[in-house]
Amino acid sequence: MPALPADPTVLHPMPEQPRVVLLKPLVKSPLIEVGEFSYYDDPDDATAFETRNVLYHYGPEKLVIGKFCALGTGTRFLMNGANHRMDGPSTFPFPTMGGSWAEHFDLLTGLPNPGDTVVGHDVWFGNGATVMPGVHIGHGAIIATGAVVTSDVPDYGIVGGNPARLIRTRHEERDIARLLAVAWWDWPLEHITEHVRTIMSGTVTELEQAAAVRR
């Protein structure tokens with residue numbers, strides 16, 4: 001009897017813990033893309049992720065989160081709608097307040113836009129991490145508790161602080177290249193299920209061997 005993989009379409013993968021939600025079946029916004037099994041944990045209301053944790057998201061830029069990401073409580077993504085003019089005497093967005101001020105809405109167009117915010121696969125966010133607009137976070141990265149990520153994070157990098165700085169990488173450069181080539185997150189679920197222990201606690205060589213069996 002083959003082992004059955006977990007179900008990526010279930011909103012609450014741990015029924016006894018409603019604070020944990022899978023984001024792919026939760027998210028409805030066309031501006032947010034999330035891969036299978038990425039989850040968010042929040043004791044207050046994890047299902048409010050789109051409104052409480054993705055802020056100032058008016059478009060057109062997207063938030064893209066890969067597969068198998070773990071988002072701790074309070075992980076927030078600030079999108080480019082938070083941007084204000086800084087080239088004049090005031091940063092206040094008068095046109096958004098309505099009335100005759102709305103006639104000056106052209107003053108809010110053409111603001112710098114760093115583009116989509118992109119999170120790779122298998123990224124772990126600590127409690128209260130904040131990601132600024134347009135940041136790209138590599139596969140296998142770890143974002144420390146309370147980090148404010150203002151610039152791109154390399155694959156398998158560990159960053160922390162405000163602004164977040166690279167503390168170290170989880171593996172040597174050669175092994176990172178090997179891990180990216182294996183790309184276990186793209187394996188069929190049945191193969192992932194068969195090799196969960198290797199993915200979690202094996203060596204890079206053992207992971208390569210598991211990948212070779214799949215081929």
The lone exception for Phe77 - which of (1) part of a strand (DSSP E or B); (2) among the aromatic types (Phe, Trp, Tyr); (3) in contact with an Asp or Glu (Cβ under 8 Å, 6 or more places away or on another chain) it fails: (3)
Output for region 148-163, where each listed residue is acidic (Asp, Glu) and open to solvent by less than 60 Å² (accessible area, probe 1.4 Å): Asp155
Scope region 115-125; condition part of a loop (DSSP other than H, G, I, E, B) and under 14 Å from Val149 (Cα atoms); matching residues: Val123
Qualifying residue in region 164-177 (condition: in a loop (DSSP other than H, G, I, E, B) and surrounded by 15 or more Cβ atoms within 10 Å (Cβ to Cβ)): yes
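Quick check: is even one residue across region 193-213 touching a residue at least 60 places away in the same chain (Cβ under 8 Å) and surrounded by 12 or more Cβ atoms within 10 Å (Cβ to Cβ)?
Yes: one or more hits.
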Given (1) closer than 19 Å to Asp116 by Cβ; (2) buried (at least 17 other Cβ atoms within 10 Å of the Cβ), index of the condition Gly74 fails: (1)
Of the criteria (1) touching a helix residue (DSSP H, G or I) at 6+ places or on another chain (Cβ under 9 Å); (2) farther than 16 Å from Ile137 by Cα, which one Ile65 fails: (2)
Single match in Pro112, Pro89, Pro95 (criterion: out of contact with any Pro (no Cβ under 7 Å at 6 or more places or on another chain), without any contact (Cβ under 8 Å) to a residue 40 or more places away in the chain, open to solvent by less than 20 Å² (accessible area, probe 1.4 Å) and not aliphatic (A, V, I, L, M)): Pro95
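The values are calculated or read from the model by the stated rules, or taken from the named source; none is laboratory data. Note that this is a predicted model, so its numbers are computed, not measured. Here Cβ is always computed from backbone atoms with ideal geometry, including for glycine, and neighbour counts include all displayed protein chains. Surface accessibility is based on the protein's heavy atoms, side chains included, excluding ligands, DNA and RNA. Shrake-Rupley method; radii C 1.70, N 1.55, O 1.52, S 1.80 Å.
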